[in-house]
Amino acid sequence: MAMFLELFLGVLTAMGGFVEIGELTFMLNAGSKFDYSLLWVVAIGTVGIMVYGEIAGRIAAVRGQGVFNVIRERAGIRLGLLTLFAATLVCLLTTAAEIGAIALLWNLLSGWPYRWLLLAAFAFLVLVVWFLKFGTIERVFGLFGLMMTVFLVAVWKMHPDWSAVAHGLVPTVPALPPGRKLLYAYYAVSLFSSVMLPYETYFYASGVVEDHWTPKYLRLNRFIVIVGFALGSLLSASLLVIGKLYFGHAQVDPSLPGTAAFSAASVLGRAGLWLAVGGMFFAFAGAGIETAMSSAYNIAQFFGWTWGKYRTARGAPRFALAWIIVFIAATAIVLTGVDPIQVVEYSIVFSVVILPLTYFPMMAISRDPDTMGVYRNGWLSNTLGWAFFVVVCIAAVAAIPLLVMTHGGQG
């Protein structure tokens, strides 16, 4: 019974914690600009995050190590430090964007000054991480994030052309003018990155260690990753469909979180509006906590510090100081007046650049029989892992040139 409850809560938490401000922004924009033609990218990215999430969780359960323990061991100090710096920068930018998104939501509801709400969001997140246990944080924000499923209901109520939706899952490039083809490629890379954000594997693997999983949990690990991420991806895809059905027809800019809530309200009324706003709040807050803690996990694991949310701040002082500093720095970024949506766009693009540096050491150690023993990669994990590594490398090489050539997705 306890294992079934763990399984059930794990799947729901993985689903509820899948969407964050970057994914919401890019999904809605992609749908409004290119209809359903980028759904296939979401599907491919989902399989990729399943593959690497399962590998990261398996390594953590077998060896009791997080991702950056593995990176230091396999990549060495110099390349490892480069990866750590890049990952910390991406997590910092993402945390800043999530804090900004929370403040924008609160501003929509209250009309209070945005900058004061940024400080309130900062205080809220710090107090949550300081006082709540890891399992409580994971469950509360993941489960309440399930209010985002209101967008699935909204899609159903909007009655899309399901044959056109299914056609969007087939990898094809639509006939577009040359300039639009570059923009299409930019959104393809960005959507792929938003689904495969590296902090998801950092946080998930660290959570496996936090929860003291052992090899007996490997089936649970596989099931949670596959089912939870698949359902979370379904939720993401619903945002892309809404982007086409609601924003594409109305020619409304879907960049701000508030406009996304109006899409649910358009078919579900006031209840849809409040569920959408509530779901986005818990999704953004959960992502902000995950990215800040991921930075602290990564730094502590790489330098061999004592770490863990199950420890008190006195028991792991450098770990606690690390996530507090990330929250402070992230808040300082958005207090400068920079647009949080622009911040998240850059963080999404730079995320895909560091994916090869993250996943190569994981692939190397997960296939090593001396390290993993009988729990090393099977033929399917190996084949999929290396196949996606090639895709990740192509996306990483293309990301920054596309960002420049499309002026940050502006065309």
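Before moving on, here are some points about what is shown:
- Some residue of region 334-355 being part of a helix (DSSP H, G or I), small (Gly, Ala, Ser) and surrounded by fewer than 23 Cβ atoms within 10 Å (Cβ to Cβ): no
- Residue within region 72-80 that is among the aliphatic types (A, V, I, L, M) and either surrounded by 23 or more Cβ atoms within 10 Å (Cβ to Cβ) or on the phi > 0 side of the Ramachandran plot (or both) present: no
- The lone exception for Val170 - which of (1) assigned to a helix (DSSP H, G or I); (2) modelled with pLDDT of 90 or more it fails: (1)
- The set of residues from region 28-42 being part of a helix (DSSP H, G or I) and modelled with pLDDT under 95 comprises Leu28, Asn29, Ala30, Gly31, Ser32, Lys33, Phe34.
- Among residues of region 105-140, those that are modelled with pLDDT under 90, within 26 Å of Leu231 (Cα to Cα) and in a helix (DSSP H, G or I), counted: 7
- Residue satisfying condition, being part of a helix (DSSP H, G or I), modelled with pLDDT of 95 or more, within 15 Å of the chain's Cα centre (by Cα) and not basic (Lys, Arg), within set Gly22, Gly45: Gly45
- Exactly one residue out of Ala250, Ala265, Ala261 is of a type in the set (A, V, I, L, M, F, W, C), at pLDDT below 90 and under 17 Å from Thr149 (Cβ atoms): that is Ala261.
- Those residues of region 358-375 which are of a type outside the set (Gly, Ala, Ser) and touching a Gly at 6+ places or on another chain (Cβ under 9 Å), in sequence order: Tyr359, Pro361, Met362, Met363, Arg367
- Within region 373-390, the set of residues being over 23 Å from the mean Cα position of the chain (by Cα) and either hydroxyl-bearing (Ser, Thr, Tyr) or buried (at least 17 other Cβ atoms within 10 Å of the Cβ) (or both) comprises Tyr375, Arg376, Asn377, Thr383.
- Matching residues in region 124-154 - criterion: being of a type in the set (D, E, K, R) and within 16 Å of the chain's Cα centre (by Cα): Glu138
- Once region 209-225 is narrowed to residues that are more than 15 Å from Met50 (Cβ to Cβ) and touching a residue at least 24 places away in the same chain (Cβ under 8 Å), the residue that is surrounded by the fewest Cβ atoms within 10 Å (Cβ to Cβ) is Thr214.
The values are calculated or read from the model by the stated rules, or taken from the named source; none is laboratory data. Note that the structure is a prediction, hence the values are computed from the model and not measured. Positions of Cβ are backbone-derived with ideal geometry, glycine not excepted, and every protein chain shown enters the neighbour counts.
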